[in-house]
DNA sequence: TAACCTTACGAAAACGTTTGCGTGTGGATA
DNA sequence: TATCCACACGCAAACGTTTTCGTAAGGTTA
């Protein structure tokens with residue numbers, strides 16, 4: 001099992017110095033054509049590849065972007081990653097992905113690990129637990145060490161850095177408006193607990209839409225779900241005695257679960273109840289009936305985030321800091337879960 | 001914006017040598033208690049973290065596992081990653097993930113990039129294009145440089161290395177048997193083109209099951225889908241004039257698409273046609289009717305793959321090479337898409 | 001007081017690169 | 001023949017660690 005070949009070994013073998021080999025491989029005019037060819041042939045033969053670690057150490061940059069997301073098993077986040085990779089690869093950056101699993105501790109560990117040498121900058125969506133704890137010291141520390149951070153989707157207002165978000169409120173408003181325009185009057189919302197920033201924002205959007213239509217929001221039409229994994233029973237109880245004609249769900253899972261519950265209660269979607277979801281994932285697309293939903297354009301978010309980050313990474317050192325918040329437009333995708 | 005603090009800076013500040021600082025931080029008895037405390041206090045104050053790059057260079061290992069998968073936006077692969085992370089984190093390894101996007105070139109690039117310094121070993125499922133091209137030089141090269149590789153799911157028989165797979169044939173047989181035991185006689189299969197190893201194996205399993213039941217397989221009950229993204233029309237045409245009473249789909253998407261098509265043709269699942277899928281993803285779970293399917297136990301695959309890899313990484317250098325192929329049991333999950 | 005032992009620290013090499021600069025060799029010029 | 005200039009190459013430093021070994025200062029022993 002041959003080890004990886006280094007400049008030193010090539011140098012020894014060819015009886016020249018390390019610098020000669022290095023320069024020869026870079027086609028430096030300093031080196032005679034003859035030697036250059038010899039070195040290159042040898043390097044090719046032994047499949048020489050420069051050691052990235054050594055390069056990173058020397059250049060003090062890794063040409064790598066670290067992405068940390070709350071859940072890897074999540075369609076939205078993976079589409080964002082797709083966008084990031086697109087831009088990153090174009091610009092010669094690599095992408096490494098870590099998941100925090102929504103754990104604060106794991107987020108800290110991953111960030112510190114990547115920050116201590118593996119990545120030049122970060123694109124990150126904070127863990128649920130982090131939002132709850134409101135402890136952002138790890139992110140602040142990373143930034144204070146000169147590594148740029150771009151937050152997306154689940155952002156933190158207090159942190160001064162680039163951000164890429166959608167207008168969650170507006171998206172929710174659009175969704176609710178759509179239901180209202182279809183003539184729905186009794187619109188329930190399935191949302192998350194308030195400490196999830198996006199859940200809260202979407203709830204607010206829903207309320208705003210109702211107000212604009214002069215409909216008084218009813219407390220008992222609002223369900224704030226805590227335990228996402230077991231939402232079915234909560235949703236089932238919630239819908240038990242309610243005579244709603246529409247549901248706005250702040251994510252895909254809530255939307256399909258509502259559809260399932262309604263189905264079991266003998267109600268039809270969209271004939272009896274219309275449903276609008278949020279996030280255009282696989283579920284929404286393939287469900288029967290396919291779900292009308294608000295698309296977050298995950299890939300676009302990734303693209304913008306990567307661009308922001310690379311701009312910072314390649315920008316002048318001493319340019320006065322200036323941070324942008326990019327707001328990606330959402331769009332309503334009409335499918336079968338809302339009546340015409 | 002303060003830069004990351006290094007041993008050198010601490011040394012300078014405290015007017016001691018770099019080695020003293022390094023030893024003090026490691027609580028070496030060589031250093032007086034007094035100095036040790038001073039150094040540690042200073043290091044803490046300035047939030048010193050050793051530079052991983054430098055460590056990797058010195059130790060010639062990164063304590064990082066590289067995972068390369070064909071698609072990041074894919075539930076099965078992400079569950080595998082979950083399993084890998086579990087084991088890796090326990091053993092003090094980090095995990096970095098790259099996606100090949102089913103492109104041969106990107107797979108090569110990613111592998112070479114990670115191999116040249118960023119990871120000590122690999123867990124990988126090969127890209128579709130790679131299976132098609134049958135060009136594995138990049139993987140062979142990586143292994144010949146002394147970096148262990150564990151293949152999973154989409155493996156390559158010719159490659160001599162550790163592998164983690166499910167018994168695709170057996171899984172398919174189980175699925176088909178289930179349909180047969182329900183009394184279904186006219187069972188169609190929706191599968192992939194043959195160069196996708198798992199598709200072929202599953203097709204074979206289906207054929208074996210039929211044979212065991214003394215049912216002659218019919219060519220016209222087999223649909224080999226090439227373009228996964230546009231499978232709907234193919235499936236629709238295929239089912240147009242067929243009077244099947246059951247469908248075995250080799251993946252989730254084919255299964256739900258079949259359900260959708262049947263639905264549009266006015267047939268009911270499972271009353272008119274039973275469906276069994278493969279892979280226990282979100283779609284199968286939340287679809288209405290929820291899908292009977294073969295679970296691949298992705299997390300378990302990840303766990304086993306990570307263990308195999310770490311064993312190799314931490315094993316003796318000169319132990320004779322020995323490679324294992326772990327076969328994970330599949331299991332049938334009965335849900336609503338097959339009649340009782 | 002000479003020889004020796006601790007204690008506490010520093011110097012230097014090594015990991016694999018890149019690169020500015022120094023230098024020996026040979027030929028051309030004056 | 002003495003001077004100069006390309007040419008082709010090597011040296012060494014630097015990136016941030018860890019670790020082996022060397023050593024000065026001071027104390028103890030004979």
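Nothing in this text is a laboratory measurement; each read-out follows from the coordinates by a stated rule. Since the structure is predicted, the reported quantities are computational estimates derived from the model, not experimental observations. Using ideal geometry, Cβ is built from the backbone for each residue, glycine included, and neighbour counts are taken over all protein chains shown.
Observations
- Residues in segment B:58-76 that a label on residue B:28 would reach, taking backbone N under 20 Å of a point 7 Å out along Cα→Cβ: B:58-60
- Relative contact order (percent, whole number), chain A, Cα cutoff 8 Å, 6+ residue spacing: 17
- Here residue B:233 yields copy-to-copy label distances, from shortest upward, of 4.7 nm, the label point defined as 7 Å from Cα along Cα to C-beta.
- Shielding by partners - mean other protein chain Cβ count within 10 Å, residues of B:83-90: 1
- Label-point separation, residue A:181 to residue B:311 (7 Å along Cα→Cβ), nm: 6.1
- Contact order normalised by residue count of segment B:191-340, Cα under 8 Å, 6+ apart, percent: 20
- Cα gyration tensor, segment A:163-314 - rounded (a/c under 1.5), prolate or oblate: prolate
- Peptide-level mean, for A:110-116, of C-beta atoms on other protein chains within 10 Å: 4
- q = 0.08, 0.13, 0.14 Å⁻¹: log10 I(q)/I(0) that the Debye formula gives for chain B, counting C-alpha atoms only: -0.50, -0.96, -1.06
- Note that segment A:110-167 carries a Kirkwood radius of 11.7 Å, evaluated over its alpha carbons pair by pair.
- Between residue B:37 and residue B:3, the contour length at 0.36 nm per residue exceeds the Cα-Cα span by 9.9 nm.
- Relative to the longest principal axis of the Cα atoms of chain B, the long axis of helix B:252-264 lies at roughly 40 degrees.
- Counting every pair of alpha carbons in segment B:7-50, the share spaced more than 15 Å apart comes to 26 percent.
- Förster radius 30 Å - calculated FRET efficiency between residue B:61 and residue B:334 (Cβ-Cβ, nearest 0.05): 0.05
- Taking all pairs of distinct alpha-carbon atoms in segment B:237-330, Kirkwood radius in angstrom: 15.9
- The listed peptides A:43-52, A:250-259, B:202-211, ordered by packing as a protection proxy, come out as A:250-259, B:202-211, A:43-52 (highest mean of other Cβ atoms within 10 Å first).
- Global geometry of segment B:58-144, whether rounded, prolate or oblate, following the gyration tensor of its Cα atoms and the 1.5 cut on a/c: oblate
- At q = 0.15, 0.16, 0.18 Å⁻¹, base-10 log of I(q)/I(0) for segment A:31-102 (Debye sum, equal scatterers on each alpha carbon): -0.71, -0.75, -0.83
- For the peptide B:49-61, the mean number of other protein chain Cβ atoms found within 10 angstrom of a residue's Cβ is 5.
- For residue A:332, the point set 7 Å out from Cα toward Cβ sits 4.6 nm from its twins in the other copies, listed from shortest up.
- Segment A:132-209 and segment B:51-85: distance between their alpha carbon centers, rounded to Å: 30
- FRET efficiency estimate (nearest 0.05) - Cβ-Cβ, residue B:265 to residue A:240, R0 30 angstrom: 0.30
- Cβ-derived FRET efficiency at R0 41 Å, residue A:89 paired with residue B:290, nearest 0.05: 0.60
- Volume per residue of the C-alpha convex hull in segment A:184-256, rounded to whole Å³: 83
- One chain, two ends: residue A:140 and residue A:230. Fully extended at 0.36 nm per residue, the span grows by 29.0 nm beyond their Cα-Cα distance.
- By the compact-protein rule of thumb, 2.2 N^0.38 Å, the alpha-carbon radius of gyration of the protein assembly as shown corresponds to a ratio of 1.07.
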